[in-house]
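Take a look at the structure below.
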Amino acid sequence: MDITTVLIVEDESLILQDILTLYDWERHGYRTLTAANGQLGLARFKKERPQIVITDVRMPHMDGLEMIEQIQALAPETKFIILSAYQDFNYARAALKLGVTDYLLKKDLSEDTIHQALGSLRKRTVPDMPEGTDKSLLSPIVERAAAYIREHYSEPELRIGSVSAACGISASRLSARFREEMNTSVNEYVTYIRIENAKRLLASGKYKVYEVANLVGYRNQAYFSTLFQAQTGVKPNKYHE
């Protein structure tokens, strides 16, 4: 069995002990590491390079979100689960921008919830390119534009103008090259990435439709629902059933 290393970053010793004892990590193929805050967690990550990081949000010295940002700069393939004492929409939104896959509520910790969260890392990978796109044929500028969209899809004002400005190219040139290489427009790709992330969030069963709409960059729930149904063939409130 392949061993997956998990770093658990939590400043409350009792919660940390619960996480370590509620789940039989070794039996399921995991090796665990621990750290008491984000600063120590980052140092442990640099030394051990775990594949998964489970982290509290509010911690002394360095909070979980700042630690995640720094880890992603070192190893963008790392997967994260947020550990929280409460459902905080603002933290959820910030975490999603950083690519966090799931969250665990401390009050709901159990063998089953931990197992589900770990399993979700395999099930909720968002495809970053439409089917049939050959990433090896993309020019650096189009790759940069696509990456910018994947990082900023949750921003309601994301448009071709902001993407082209970030990439240092005119909107008209980016539009032509993007369509030529991706076989889709910039705006269509924005919609694709938003809907794929919406599917991931809805599948978790943890968010209401209006929350998902906001999290993926749509202020208007009705417009989001129309787009979602057009892309998937099902209404968002029926997707996870």
**Request:** Of all residues in segment 190-213, count the ones that are of a type outside the set (Val, Ile, Thr) and within 14 Å of LEU158 (Cβ to Cβ).
**Result:** 3
**Complete:** Exactly one of VAL216, VAL212, VAL234 is in contact (Cβ under 8 Å) with a residue 40 or more places away in the chain and open to solvent by less than 80 Å² (accessible area, probe 1.4 Å), and that one is VAL216
**Request:** Within segment 155-173, identify whether any single residue is out of contact with any Pro (no Cβ under 9 Å at 6 or more places or on another chain) and under 30 Å from THR32 (Cα atoms), and answer yes or no.
**Result:** no
**Request:** For segment 178-206, name all the residues that are outside any helix (DSSP H, G or I), touching a residue at least 40 places away in the same chain (Cβ under 8 Å) and open to solvent by 40 Å² or more (accessible area, probe 1.4 Å).
**Result:** ASN183, LYS206
**Complete:** Exactly one of LYS47, LYS123 is at pLDDT 90 or above and open to solvent by 30 Å² or more (accessible area, probe 1.4 Å), and that one is LYS47
**Complete:** Filter segment 138-156 for residues that are at pLDDT 85 or above and open to solvent by 80 Å² or more (accessible area, probe 1.4 Å); the one that is farthest from ASN220 (Cα to Cα) is PRO140
**Message:** Just checking, does segment 4-14 include any residue being crowded, with 18+ Cβ neighbours inside 10 Å, more than 16 Å from LEU104 (Cβ to Cβ) and not charged (D, E, K, R)?
**Reply:** no
**Message:** Looking at segment 15-37 only, could you name the residues that are surrounded by fewer than 16 Cβ atoms within 10 Å (Cβ to Cβ) and assigned to a loop (DSSP other than H, G, I, E, B)?
**Reply:** ASP24, GLU26, ARG27, HIS28, GLY29
**Complete:** Selection over segment 157-177 where residues are within 20 Å of GLU196 (Cα to Cα) and either part of a loop (DSSP other than H, G, I, E, B) or open to solvent by 50 Å² or more (accessible area, probe 1.4 Å) (or both) yields a count of 3
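The values are calculated or read from the model by the stated rules, or taken from the named source; none is laboratory data. Quick caveat, the model's predicted, so the values are computed rather than measured. Virtual Cβ from ideal backbone geometry, glycine too; neighbours counted across all protein chains shown. Just the protein is used for accessible areas: all its heavy atoms, side chains included, with ligands, DNA and RNA removed. Shrake-Rupley method; radii C 1.70, N 1.55, O 1.52, S 1.80 Å.
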